[in-house]
1. Scanning region 139-160 for residues that are open to solvent by less than 50 Å² (accessible area, probe 1.4 Å) and either assigned to a loop (DSSP other than H, G, I, E, B) or among the aromatic types (Phe, Trp, Tyr) (or both), which turns out modelled with the lowest pLDDT?
2. Which pairs turn up if I take residues in region 22-33 that are within 16 Å of Phe11 (Cβ to Cβ) and at pLDDT 75 or above and look for partners that are open to solvent by less than 60 Å² (accessible area, probe 1.4 Å) and β-branched (Val, Ile, Thr) with beta carbon separation below 6 Å, at least 6 apart in sequence or on another chain?
3. Looking only at region 1-11, filter to residues that are in a strand (DSSP E or B) and open to solvent by 60 Å² or more (accessible area, probe 1.4 Å); which one of those is modelled with the highest pLDDT?
4. Residues that are modelled with pLDDT under 85 and either assigned to a helix (DSSP H, G or I) or among the aromatic types (Phe, Trp, Tyr) (or both): does region 101-113 have at least one?
5. Considering only residues that are among the hydrophobic types (A, V, I, L, M, F, W, C), modelled with pLDDT under 85 and in a loop (DSSP other than H, G, I, E, B), which ones fall in region 41-82?
6. Can you tell me which residues in region 91-111 are crowded, with 18+ Cβ neighbours inside 10 Å and either in contact with a Cys (Cβ under 6 Å, 6 or more places away or on another chain) or within 17 Å of Asn134 (Cβ to Cβ) (or both)?
Amino acid sequence: KTIRGEDKPMFVLGRKIFHVDGTVEDASLARNVPRSAEGFRSAGSVQPWADATSHLNRPGMEPFAFALSAGGFGSVLMKYTGFAGALISMIGASGAGKTLMMRWIQSVWGYHDDLIMRRGDTRNATLSRLGVYNNLPLCIDEVTNIGVQEASELAYQITQGKDKARLNRNAE
């Protein structure tokens with residue numbers, strides 16, 4: 001990202017801007033930015049979190065290790081792929097750990113409960129968050145409860161990296 005016309009690499013995470021020289025500055029959020037952006041924050045200790053990843057180094061845990069690696073850490077590399085967006089879908093029986101993995105993925109970047117989208121969240125809210133999250137992962141729980149047409153449109157918009165074009169009331 002660049003800011004104020006400057007061509008200096010930076011990383012924006014919630015209310016913090018991390019610069020390549022190691023400095024960190026506070027950023028204000030526009031009023032139209034969802035409150036969920038407040039979820040991008042750090043708390044607690046990283047060691048118990050890191051220790052828990054050892055559970056992914058067992059046979060049969062490969063799908064979960066992939067989800068955490070690609071969804072949690074790999075998401076910031078998306079801009080280098082040439083693709084506008086990507087989806088990772090986790091399917092399986094109830095209680096298999098899909099929601100746990102979404103929480104884990106989101107916890108890489110902040111407080112998972114503030115960052116995960118839930119059944120019943122509107123499509124506009126989802127698209128708004130996609131814009132705010134940019135190359136950070138957006139996890140949506142219980143996608144199987146979304147209608148087929150709505151899921152198809154959402155998948156298309158994510159992979160295209162933009163919402164459908166709209167006219168404003170002045171036909172612009």
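1. If we take residues in region 139-160 being open to solvent by less than 50 Å² (accessible area, probe 1.4 Å) and either assigned to a loop (DSSP other than H, G, I, E, B) or among the aromatic types (Phe, Trp, Tyr) (or both), then Ile146 is modelled with the lowest pLDDT.
2. Pairs found: Glu25/Ile17; Ala27/Ile17.
3. Looking at the filtered set, the residue picked out is Phe11.
4. Scanning region 101-113, I find no residue that is modelled with pLDDT under 85 and either assigned to a helix (DSSP H, G or I) or among the aromatic types (Phe, Trp, Tyr) (or both), so the answer is no.
5. From region 41-82, those among the hydrophobic types (A, V, I, L, M, F, W, C) are 43, 46, 49-50, 52, 56, 61, 64-68, 70, 73, 76-78; that's our starting set.
From what is left, the residues that are modelled with pLDDT under 85 are 43, 78.
Scanning region 41-82 gives a single hit, Ala43.
6. Met102, Ile105, Gln106, Trp109, Gly110, listed by residue number.
Let's see how each residue does on (1) more than 22 Å from Ala155 (Cα to Cα); (2) without any contact (Cβ under 8 Å) to a residue 60 or more places away in the chain; (3) open to solvent by less than 40 Å² (accessible area, probe 1.4 Å):
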position: Glu62; (1), (2), (3): yes, yes, no
position: Ala65; (1), (2), (3): yes, yes, yes
position: Ser69; (1), (2), (3): no, yes, no
position: Ser89; (1), (2), (3): no, yes, no
position: Asp113; (1), (2), (3): yes, no, no
position: Arg118; (1), (2), (3): no, yes, no
position: Thr126; (1), (2), (3): no, yes, yes
position: Asn134; (1), (2), (3): no, no, no
position: Pro137; (1), (2), (3): no, no, yes
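The values are calculated or read from the model by the stated rules, or taken from the named source; none is laboratory data. As the structure is a prediction and not an experimental result, all values here were calculated from the model. Glycine also receives a Cβ, built like all others from the backbone with ideal geometry; neighbour counts cover every protein chain displayed. Remember, those area values only see protein heavy atoms, side chains included, never the ligands or the DNA or RNA. Shrake-Rupley method; radii C 1.70, N 1.55, O 1.52, S 1.80 Å.
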